[in-house]
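The values are calculated or read from the model by the stated rules, or taken from the named source; none is laboratory data. Fair warning: this is a prediction, and the values are worked out from it, not measured in the lab. For neighbour counting, all protein chains shown are included, and Cβ atoms are generated from backbone atoms with ideal geometry for every residue, glycine included.
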Amino acid sequence: MIHDLFHKGGPIMWPILALSVLVLTVVVERLVFIIRERVRRNPAAVSDILTQVERGNLATAADIGAKSNDFVARALTYALTHREKSFSEAMLRAANWELKSFNRGLTVLDTAITLAPLLGLLGTVTGMISSFGMLGGAELGAPTAITGGIAEALIATAFGLGVAITALLPFNYLNARQEEARLEIQDAASHVELHLK
């Protein structure tokens, strides 16, 4: 049945299929990444780092962070060990580096959300052109051939919209996780900066 739908949808269905496979791959990889980062989270280590900074034990704070896989702890550790010139600049660099891993794949999903419906519309338009091309030929006496062609042309739009809708939900979820990570890093950095001054 799916093969028939792809055949009826026309040649534009293959790029839509390729795009849906790409979206699925990115979503699975990103969800695995989010789960891995949640497992690695160690709020106790971050709290210990902040406590040591409050006490003025910056070397101890950096040592605690070096033993942790928590992304906030990694960013703080980098900034503390490279604070000679500017803690805030080192923290900004570390935050950008950590957030880059949260951002990976979002551009692909964003592009797919826009591109999939456009590919579907392209398939529909080319299908309609083909159907209306029959009006001048011998098929004029068979209106079902024309209306059937129009119905088949709409299949591409339905699949394109389906891919876009399917990509939109994880895209928003992943954007929310990225923003959450950014706020956590920013909060910890502000806390450290207050005590360094």
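Values as computed for the structure displayed
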{"read-out": "In the stretch 52-97, the residues that are charged (D, E, K, R) and over 28 Å from the mean Cα position of the chain (by Cα)", "value": "E54, R55, D63, K67, R83, E84, K85"}
{"read-out": "Residues that are without any contact (Cβ under 8 Å) to a residue 60 or more places away in the chain, of a type in the set (D, E, K, R) and part of a helix (DSSP H, G or I), drawn from the stretch 64-111", "value": "R74, E89, R93, K100"}
{"read-out": "For W97: the one exception among (1) within 20 Å of A181 (Cβ to Cβ); (2) modelled with pLDDT under 90", "value": "(2)"}
{"read-out": "Condition met for S47 (at pLDDT below 95, part of a helix (DSSP H, G or I) and of a type in the set (S, T, N, Q))", "value": "yes"}
{"read-out": "S86 vs. criteria farther than 23 Å from N175 by Cβ and of a type outside the set (D, E, K, R)", "value": "yes"}
{"read-out": "Unmet criterion (only one of (1) surrounded by fewer than 22 Cβ atoms within 10 Å (Cβ to Cβ); (2) closer than 22 Å to V46 by Cα) for M91", "value": "(1)"}
{"read-out": "Lone qualifier among V32, V27 - being surrounded by fewer than 13 Cβ atoms within 10 Å (Cβ to Cβ), at pLDDT 90 or above and part of a helix (DSSP H, G or I)", "value": "V32"}
{"read-out": "Failed item, numbered, when P11 is tested on (1) assigned to a helix (DSSP H, G or I); (2) loosely packed, with under 14 Cβ neighbours inside 10 Å; (3) at pLDDT below 90; (4) not hydroxyl-bearing (S, T, Y)", "value": "(1)"}
